[in-house]
Amino acid sequence: MNILARSRIAGPDYDRRIVIAGAIAGGAILLALIQGLAGGAAGRSSGSGFWLTLHLLSVIPALPVGAYVLLRRKGDKAHRTAGRIWGGLMMVAALSSFGLPGGLGLIHGLSVLVLVMIPRGILQARRGNIAAHRRTMSLTYLSLAVAGMFTLLPGRLLGSWLFG
């Protein structure tokens, strides 16, 4: 048995904690976006093109949709539908991150992780390995929250909108 299988990753308490991290990241991203739009920085930014718009339009709803999937009852039609929506949003977010200005950085490692983990999680569920599916998707949501936090660092676009 591997270390992830023995750990507490992907239990209800763990899911609640990573959803809280996602809510904090999402709130800060929305605040940064509001400040960027209100101050006119969003319009003046060299990164305010197609890729940034696509990225934000996929990331912002992915946070609450993913939280919904993690926190609600599992296995029914609503779970599968919301999970498909979330998985699609995550794939768009990951792919669009490579079109953002500024070149590749460490944060793109999380994008690669998402591009691997979403299909892996789907395959696990289809094979009936629900425990592995749950761990995979919980970790993928955590990567979304972590990436959201990284975007708020000084020198990053949203960080400059949030902190000036």
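The values are calculated or read from the model by the stated rules, or taken from the named source; none is laboratory data. Bear in mind that the values here come from a model prediction, so they are computed numbers and not experimental data. All Cβ positions, glycine included, derive from the backbone under ideal geometry; neighbour counts span all protein chains shown.
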Among the listed residues Leu104, Leu56, which satisfies the condition of being at pLDDT below 95, closer than 19 Å to Arg156 by Cβ and assigned to a helix (DSSP H, G or I)? Leu56
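Condition check: out of contact with any Ser or Thr (no Cβ under 6 Å at 6 or more places or on another chain) and under 20 Å from Phe50 (Cα atoms). Does Gly109 satisfy that?
No; evaluated as a whole, the condition is false for this residue.
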Among residues of the range 112-141 being of a type in the set (D, E, K, R) and free of Cβ contacts under 8 Å to residues at least 60 places away in the same chain, the residue farthest from Arg84 (Cα to Cα) is Arg127
When only residues in the range 149-164 that are surrounded by fewer than 20 Cβ atoms within 10 Å (Cβ to Cβ) and over 23 Å from Ile20 (Cβ atoms) count, which is modelled with the lowest pLDDT? Gly164
Residues of the range 36-51 being modelled with pLDDT of 70 or more and exposed (fewer than 10 other Cβ atoms within 10 Å of the Cβ), which ones? Gly40, Phe50
Would you be able to tell me the number of residues in the range 117-145 that are surrounded by fewer than 16 Cβ atoms within 10 Å (Cβ to Cβ) and hydrophobic (A, V, I, L, M, F, W, C)? 3
